[in-house]
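Data first, discussion second: the structure below is written as structure tokens.
The values are calculated or read from the model by the stated rules, or taken from the named source; none is laboratory data. Note that this is a predicted model, so its numbers are computed, not measured. Note that we place each Cβ from the backbone using ideal geometry, even for glycine, and neighbour counts take in every protein chain shown. The protein model used for the area step is the full one, side chains on, heavy atoms only, and it has no ligands, DNA or RNA in it. Shrake-Rupley method; radii C 1.70, N 1.55, O 1.52, S 1.80 Å.
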Amino acid sequence: MSIVIENAALKNNALSYIEDTIEKVPALVQLRTEAAETFASSDFPSIQHEEWKYTNIKKLVSNTYSFSNDVNVTASDIQEYLIEGTDVMVFVNGVYNASLSSFTSTEKVIVAPLSEAIEKHQDLVLAHLGKYADNSLPFVGVNTASVVEGGFVYAKRNALSETPLMFLNVVSGDNIVVQPRVLAILEEGAQASIIERNAVINGDSVLINSVAEVNVAERANLSHLKLQDEVENTSLVTLSEAQQADNSVYHNITITTGGHIVRNNLNIALGEHCEGLMTGLYLVKGKTLVDNHTMVDHKMPNSYSNELYKGILSEKSKGVFNGKIFVREDAQKTNAFQSNKNILLSQDAVVDTKPQLEIWADDVSCSHGCTVGALDEEPMFYLRARGIPEDKARGLLIYAFAGDVIEKISNDNVRALVEKIVATEMGYDLI
């Protein structure tokens, strides 16, 4: 028997919105209807649900939200969120904005808003959209049931997309729900890089519920960065679902530096001779709660996964990490590694961490581990003894702790931005 929250206003608001818009995109009526029926028969989880025991969303789902709000956003409003050297596709309160977007779509790498992709590549979109994310999960189900727009990337065989593409979700208004959707399809041998970022420029009690579905074909390589520099009172629930064919590489990097409640779900399923890489940094303060749930499923032999998540928590912030590694019976010669390391900068900061292994094969190399502690006093003493002020010394040590996550961002401009965000959030002028 499932344990549920009754009378969630979010559910009632969502079902009303879905009913009003169900015919908006004819090609998606069947998908949305099926997802809506599943969502209507389910309820949002409570802390009595094992997967949500450390993250209480009762107030979040009991709030009354609006699912649509027309606003005027200018280029100057979003300038600070743009990244030099990257293409950008902009959505304002869930609606694609062509005038604010700047990206290149070619014959080999097709980039388009989802509504346009459905018109021109309907069979391809319907073959993948909603096929990987589990619509029985309430937040996924309501996203699928509500989808009318989103971001679409299709890299054809051996295509190389050298410029990262950022999906920028701009939100303006109080008590607004936006539900970004990303569909990325890479054919054999293709390479691409995508970024998801939100910009709440004028709003309070905002909920962003995003779903990204990724299909990486044989020998393809996708870099997927989620940059979550959210403002206070913004809540974020995300799902990234990646399917990897043989010999492919998928790297998900999640950087979280703000928000009210942030819940990230990341699931990767690997074929043979794959690399699945999961890297995360959560650097939070105040009363922010960030909850990272990851799962890597080794279905075939000779695959490799490596997961490194690091947390830096201060004031009354809270971190949650739950990482699962499944190694199936046929997945011999699997190499899977998982590490979660945390630094608490105050006595009121809290971390709950739970790394897990479930192994059904006998010829594997797997490990997991976690650490929680304060800054090491020995290097602090070493730096202070050489005349470095205490604040500067603390900043250097914290930055060094975060460094091996940041350095995994391959694009120079993106990495420089993340370095600046991290330094700013910690209040240290290191850049």
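Miscellaneous remarks
- Carbon/sulfur fraction of accessible area - the chain, other protein chains in place, 1.4 Å, %: 46 percent
- Across Lys226/Lys408; Lys299/Lys324; Lys287/Lys392; Lys226/Lys316, pairs whose alpha-carbon gap is larger than 20 Å: Lys287/Lys392; Lys226/Lys316
- Partner aspartates and glutamates for Lys58 [C-alpha distance under 17 Å; skip if fewer than 8 residues away on the same chain]: Glu6, Asp43, Glu50, Asp291
- Interchain or long-range residues, amide H under 5 Å from Ser66's placed H: Ile176, Val177
- Solvent-accessible surface of the chain, averaged per residue with a 1.4 angstrom probe and all protein chains in place: 43 square angstrom.
- These residues, His49, His251, go from largest to smallest accessible area, 1.4 Å probe, as His49, His251.
- Calculated translational diffusion coefficient of segment 14-168 (10 °C, 1.306 mPa s; Stokes-Einstein with Kirkwood radius over alpha-carbon pairs) equals 90 µm²/s.
- Counting heavy atoms of the protein chains alone, Asp77 has an accessible area of about 60 Å² for a 1.4 Å probe.
- Here the Karplus curve 6.51 cos²θ - 1.76 cosθ + 1.60, taken at θ = phi - 60°, turns the phi angles of segment 323-328 into couplings of x, 10, 10, 10, 10, 6 Hz, with x standing for Gly and Pro.
- Rounded to whole numbers, the Karplus 3J(HN,Hα) couplings from phi for segment 220-236 are 7, 9, 10, 9, 10, 10, 10, 9, 10, 9, 7, 7, 4, 6, 9, 9, 9 Hz, using 6.51 cos²θ - 1.76 cosθ + 1.60 with θ = phi - 60°, and x at Gly and Pro.
- Around the amide H of Asn93, modelled in the peptide plane, lie the amide H atoms of Val170, Val171, Ser172, all under 5 Å away and 5 or more residues distant in sequence or on another chain.
- Put a plus charge on the Cβ of each Lys and Arg, a minus charge on the Cβ of each Asp and Glu, and nothing anywhere else: the dipole of segment 376-431 about its Cα centre is then about 140 debye.
- Across the chain, the relative contact order, built from alpha-carbon pairs under 8 Å that are at least six residues apart, equals 9 percent.
- When Val372, Val405 are compared by accessible area of protein heavy atoms, the largest-first order is Val372, Val405, using a 1.4 Å probe.
- Among Ser62, Ser223, Ser240, the largest mean-square fluctuation in a Gaussian network model of the chain (Cα springs under 10 Å) belongs to Ser62.
- Under 5 Å, built H, 5+ apart or other chain: amide partners of Gly151: Leu114, Arg181, Val182, Leu183
- When the Cα gyration tensor is reduced to axis lengths a ≥ b ≥ c, the ratio a/c is 1.5 or higher for segment 376-431, and with a/b above b/c it is classed as prolate.
- Cα-based shape type of segment 116-215, given that a ≥ b ≥ c are square roots of the gyration tensor eigenvalues and the cut on a/c is 1.5: oblate
- GNM on the chain, alpha-carbon springs under 10 angstrom: the most fluctuating residue among Glu23, Glu37, Glu107 is Glu107.
- The chain: most fluctuating residue of Ala385, Ala27, Ala220 per GNM, C-alpha cutoff 10 Å: Ala385
- Net charge in the neighbourhood of Lys299 (other residues with Cβ under 12 Å of its Cβ; Lys, Arg +1, Asp, Glu -1) is -4.
- Cα gyration tensor, segment 298-421 - rounded (a/c under 1.5), prolate or oblate: prolate
- Charge tally for Met380 (other residues, Cβ to Cβ under 9 Å; Lys, Arg +1; Asp, Glu -1): -2.
- With the alpha-carbon atoms of the chain aligned to their principal axes, the span from lowest to highest coordinate is 69, 51, 50 Å, starting with the largest.
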